[in-house]
Structures are given as C-alpha cells and as structure tokens.
Amino acid sequence: MRVEEIQILAADVLVPPPDLTVSEWADQNARLSSESAAEKGEWRTDRAPYQRAIMDALSPSHRAETVVLMCAAQMGKTTMLAHFIGYIIDLDPGPILLVQPREVDAEAFSKDRLAPMLRDTPCLRGKVAEARSRDSNNTILHKKFLGGSITLAAASSPAGLAMRSIRYCLLDEVDRYPASAGSEGDPVNLAITRTANFWNRKIVLCSTPTIKGASRIEAAYLESNQQSYWVPCPHCAEFQVLHWDNLVWPKGEPGKAEYRCEHCAKLIGDWQKHWMLKHGEWRAAHPERDVAGFWINGLYSPWRKWGALAKKFLADRRSPETLREFVNTVLAEPWDDEAETSVDIATVMARREHYRAPVPYGAAVLTAGVDVQKDRLELELVGWGRGEESWSIEYRVLPGDPTGAAVWQELDSYLERRWPHEAGISLPIAACAIDSSYESQAVYEFCRTRYHRRVFAVKGVGGTQPVWQRKPTAKNIRGERPWLVGTDTAKETLIGRLRNPTPGTPGYAHFPVDRDRSYFEQLLGEVLVTTYSRGQPKREWRPKPGVRHEALDARVYAYAALRALISMGLSLDNEADRIAALRNEQQQAPAPPRERRWLGERTKEWLKR
C-alpha cells in the first residue's frame, strides 16, 4: 500500500463521524434483504414511525448511555439492532459485543441479518471481509473491520462475555438468558463490565418480557425514564397510549376489531392506524432519568391488523400457556405467575365428578406417571383429550422395595392392562414415565426392555426447559441415561390449568368423585417462589412445609409421557376423532353387548417401534 493511501485511511479514522443519527443513516443507506424481510428494497423509517426515536437514542450524539427496549414481537427490534451495527461499521467504528440467549441464535443473527446487510448495503460493501474457515479475523461469530470488530456470543458462555473490552454492548432477548453464565454470574453484568474502559460506551438491553418480578427487561425499564408512545385520535385529536382493553369487536366477529378512543369513545378503524403512528410521540414518565427506556405493544405494529390480533387473543385465551405467550409477545407485559399458580384446594376438590366408565368419553389417550420412593411406587393414570383436557383415571400406591423384583412385576402387570372406555372400546396405556432420581439402576433396568412400549426412565430438571426433549440419543433408548423432563415448566402448566373453570375447554382437569383430600393436598403441595442468586431473581418450585407432593410429581411424569408421544407424532385430535366416529357407528347400529378392543393405527405403529 502506498504512503498516500495510508495517510488517507489514517485521516478517515481521525475525522469525527458525520452528524447523522442512526435513523437518518438507515434512511439513506439501509436495504431490506430477502432473508429477513417480506419486501425487499430501501428502508423507510416512516413505515413504523415509533422506531425513529429508538434508533436515534442509539446514536453517539444522544445523551443516554444505556437504552432499554421492552417491546412486543414483530416490532422491528432486530432490524433496529442491525441498523445500529451498520452505522457503527460505517461511521463510528469500535468493538461491538452482541449477546444472544444461545449460540444457535447468535449464528442465526450472523447468517440471516448481518451477512445480508453487509452484502446489500452499498456503503458497507468491502468493509468486512467474507467469512472464511482459515481466517480468524472473520468467522461467523467474530468479524473485524477497520477500527473495530463485532463479536457474537451466547449468554451461557462466560468466555464469550469476558474475553475482550468492548465499546458497544448489545444484549438481545435478555429475559431468555440463563441466571448465570456457567459459574461466573449474571451474563448481563458480565457483558456490561467489559465496557468499563470506554467513556463513550453504549449499552442496549432489549427483550419481550416474561414473568413479573423475575423479568430482566421489566426491571431495567422500571429504572429508566419509562417512555411510551402516545398517538392522537383521528376524531377528537386527544393523545393516548393504546391498551388492549380498548380494542372491541362485534360478538363472534373478531376480524372487525376497532379501537375505542378513551376520550370521545368513537371507534377507530385499523386503516387509520398509520395516520395515528405518523402523528404520535414518545413521552417519558420520568424525564429526569438518564436511561432511555421504551415500551410498546403489538397494537402499534403496522404489520399486524387489529382483527388478526383479536382472533389470536380468542384462540390463545383458552389455555394459560398460550395466554401467557399472548401477554408477553403481543401486549409486551410481564405475566403475573404468582396469581396464576395460587390455587384454592376447595375449588379444585369441587371439580370431582362421577365417571360413567373407568375412562370417560372425551379421553382419547392414556399415560401413566410413576414416582419412586424408598418403600413404594406412587402412580397416576391420566386420560388426555382435545386441547390436553385431562381426566385423572386412577391414583395407586404400589408398596414394595424398589431394589427388589416384586414391585416392578406388579407395575409391569398394571401397565399391560387395558381400560374400558365409555364409548364401548378399551384403551391401552400408551406411554409411561418413571422418575429415576431414586434407585436409578432399578428404574433403568425396568425401562431398558420396555422402550418399545414407551416406558421411559426420566429425570427432572429445573429452569425454563421444555417438558420433553425432542431428539433421543442412543443412550436414552438403551436405558443407560434418563430422558430429561422440564419439571418447572410442567408444574407451571399443570397448576395453571387448575384455574381453568370451564369443562370442555383446552387444559381443563377432571377428577373422579372418590378422590380424597390428601391427593389434592399433594397435588398442590408445592408453591412457586422467587429467590435471588447474586442479585438476580430466580423462580423455583418449593414444597409446602409438612406437605407431601408425590401426587404432583406423578402428574408431572404422566404429562411428560404425553409430551413424549406428541413429539413422536401423536395427535390428540385425531385420536379423539377416531373414538367419536366409532361411537357414532355404535349409536346408528348397536352392536351386541360386548367389549370391543380398539387401537388407533398410529398407536399400533408406536408400539411396534
């Protein structure tokens, strides 16, 4: 390289960046790529005007050192982060750290967002070399450019969070981070610590919220100036914040949803939303605070119609799990888990009912859950129907030493039984999950030769884990290791469903009339509490003092067995349809009074495998 070229490059580094905000840079330079947008072409911030103030707060000229964004899904959050990175590479270089919940998320951002932006944005072409396997300066998770670099890391990796000093710290989906990065502590604090050497640092935290009281993004937003987006009514011109309670629609016609102005009570059509957004403005509840915090929900999204959101709400409200997802990702509000997991035992006992057959009509698949104790096995048999509506069929204690053979022989005979159904058929037990945390080898030996019958050795794990891991390993199948069950997730689901008061709706739980109070005390034998580890809130289930909880554990394992079947292709709707069709046939042409043995074709396939 000639001396003149070196001098020019050096001068470029020393020249201060142009007086552009991030939104102005995006409007002048950004392009939408096919990998990340439905419409390719030039970026225009005016399509979603609320994004302008957020991106401008990221600009070096803005006084806020820390920016917090608590928002709904599909609001352009990831695109705004990508624009900020492009701005840094082009105009104000420095070391960047972008933290994602998992390494696979970091790789996806690099491939689906970063690489297309570098390819399609003219002012960025050539500033970052293409990733090569032999080039340590440019890999999928680390890229160098003139004057800086970008590192993409997983929140669970302490090495990725602590390996270098950074100026720009971008923390995406912080509510999905683990409580600790290995044994090093809170990943958010670890990452922010790396910015200590830069006086002109920028820290960004963004996420949809999760659980009230344990949400990182909620806590950060409450410490900020708490800005919300106020929009005018097209009729009276009064400003307001859009809230879900004001969205209304004719009975049975959610597609015609409109927004009722809280001032003049006139209805606002979805087609008027763009005018409202264009004339809206951010207002801070605490303008004296230095942290810039933004909150916005899905009602503002120009890409989501109010009618579509109303339809989604009606579908999601039928079960606590989907309603929670709606509250978090559409309303951008934390879910109050304390309220949803507080259940009155008298209310649950009032659900007891008389079954007209051992397996009532509505139940389509049977699963069992087994809790292992030092002198007994405790088992619950549960029937499952559409929408995971459940019927507790039987709760049984099998006394015996789990290190001996007798109690396992009794369990084996139990699992081979068929159960008379109200539709005039009989059902087998399709799957069983057995806790292996006590007398593990005895459980492994029992399950090893019964995998073809879907008898699983399982072990519970806490935290935000899925109820059932989808991909088996050879060691799982051979019975050398247990299948992992997300017990906290399962308990939140099952206890939350006990608040559903309407039989016939998804998740409703039925119990037989002869079930005694001690069973319900055990079923409600744990409570969800918030603890703090290294200053960070952690949600966990703890036993109530002096109360046993084997019934809750057995129900969790029965539910895990159902989720195992669903991961293998089971459809509760299809199984319920088969039973309904058979029942209709019997009503039209009554058969002789004898039990008919029935097994769905897909169930036969499972048992053969």
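What follows is calculated from the coordinates using simple rules that are stated; it is not laboratory data. All values derive from a computational prediction rather than experimental measurement. All Cβ positions, even for glycine, are placed from backbone atoms using ideal geometry, and neighbour counts span all protein chains on display.
Distance check, please: which entries in 256/278; 77/311; 111/312; 111/202 exceed 29 angstrom between their Cα atoms? The pairs that break the limit, which is 29 Å between Cα atoms, are 111/312.
Among the cysteines of the chain, those whose beta-carbon sits 4.7 Å or more from every other cysteine beta-carbon are 71, 123, 169, 206, 432, 447. Going 7 Å from the Cα of residue 568 in the Cα-to-Cβ direction, what parts of the stretch 357-378 have a backbone nitrogen less than 15 Å from that spot? Correct set: 365-369. Relative contact order for the stretch 183-291: 26 percent, from Cα pairs under 8 Å spaced at least 6 residues apart, divided by residue count. Given a Förster distance of 45 angstrom, what is the FRET efficiency for residue 547 paired with residue 199, based on the Cβ-Cβ distance and rounded to 0.05? Efficiency computed from Cβ-Cβ geometry: 0.20.
Helix 77-91 and the long axis of the chain differ in direction by around 30°, with both axes built from C-alpha atoms. At a threshold of 8 angstrom on Cα-Cα distance, excluding pairs fewer than six apart, so keeping six or more, what relative contact order does the chain reach in percent? Value for the chain: 12 percent. On the basis of the beta-carbon distance and an R0 of 25 Å, residue 108 and residue 325 show a calculated FRET efficiency of 0.75.
The slack in the chain from residue 481 to residue 465, taken as 0.36 nm per residue of separation less the alpha-carbon distance, amounts to 4.0 nm. Only one residue of 431, 465, 381 has its Cα farthest out toward the positive end of the dipole of the chain, where Lys and Arg carry +1 and Asp and Glu -1 on Cβ, and that residue is 431. Simple point charges give the picture: +1 on the Cβ of Lys and Arg, -1 on the Cβ of Asp and Glu, and for the chain a dipole about the Cα centre of about 1300 debye. Each label point was placed 7 Å from the Cα along the Cα-to-Cβ direction; for residue 284 and residue 28 their separation is 2.6 nm. Seen against the Cα atoms of the chain and their longest principal axis, helix 406-415 is set at about 80 degrees. Given R0 = 45 Å, the distance between the Cβ atoms of residue 164 and residue 63 translates into a calculated FRET efficiency of 0.95.
Length available on full extension from residue 441 to residue 123: 0.36 nm per residue minus the Cα-Cα distance, which gives 108.2 nm.
Rg and Dmax of the chain, based on Cα coordinates, read 28.5, 101 Å. Couplings 3J(HN,Hα) for the stretch 364-381, derived from phi with the Karplus relation 6.51 cos²θ - 1.76 cosθ + 1.60 (θ = phi - 60°), are 10, 9, 10, 9, 10, x, 10, 9, 9, 10, 5, 10, 5, 10, 10, 10, 10, 9 Hz, where x marks Gly and Pro.
For the stretch 253-273, backbone nitrogen atoms closer than 16 Å to the point 7 Å from residue 303 Cα along Cα-to-C-beta are found at no residue.
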